[in-house]
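A short reminder: the numbers here are calculations on the coordinates, not readings from a lab. What you are looking at is a predicted structure, and each value in this text was computed from that prediction instead of being measured. With ideal geometry, Cβ positions are generated from the backbone for all residues, glycine too; neighbour counts draw on all protein chains shown.
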């Protein structure tokens, strides 16, 4: 039952994460906050008043966003002051979570089977290439179902 739950949870999360894919875009060179503030023709003073902080603090937030050192809370507060909301998520690179697990399981299965195959070869008990290939497929399927923590080692 747990194995089916793993697969179901991965598929459900994949579905949620796929909603972010169409929104993918690169951050503007100046950062989103500064770009939006400037596009709205809003001064540092005006935004700082809305956020109940100093203009220097707004400038600091904009700089930290540009440098990638800002906190999510600071971005959330700035978004709120702009009558917006912060949207945050992760998007798998060119694939789904299910594909990430599948590729890692296959890679790990190949390592394990080839290590065993080498040992057997040294003991004059070598398997055929077809048997090795089948063992890799079988183990990869099992690893995908189980998703053991050791998969990520």
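Looking at region 1-39, which of its residues are loosely packed, with under 12 Cβ neighbours inside 10 Å and in a loop (DSSP other than H, G, I, E, B)? Correct list: 1, 19, 24, 25, 26, 27, 29. The lone criterion from (1) more than 30 Å from residue 7 (Cα to Cα); (2) part of a helix (DSSP H, G or I) left unmet by residue 85 is number (2).
Test residue 96 against the stated conditions and say whether it is under 30 Å from residue 143 (Cα atoms), in contact (Cβ under 8 Å) with a residue 12 or more places away in the chain and buried (at least 16 other Cβ atoms within 10 Å of the Cβ). For residue 96, the condition - under 30 Å from residue 143 (Cα atoms), in contact (Cβ under 8 Å) with a residue 12 or more places away in the chain and buried (at least 16 other Cβ atoms within 10 Å of the Cβ) - is met. The set of residues from region 56-71 being in a helix (DSSP H, G or I) and surrounded by fewer than 16 Cβ atoms within 10 Å (Cβ to Cβ) comprises 56, 57, 59, 60, 63, 67.
Within region 12-35, one or more residues are under 22 Å from the mean Cα position of the chain (by Cα) and under 30 Å from residue 134 (Cβ atoms). Six or more apart or on different chains, Cβ under 7 Å: which pairs go from a residue in region 30-54 that's touching a residue at least 60 places away in the same chain (Cβ under 8 Å) to one that's surrounded by 13 or more Cβ atoms within 10 Å (Cβ to Cβ) and not in a helix (DSSP H, G or I)? Could you list them? Short answer, once both residue conditions are applied: none.
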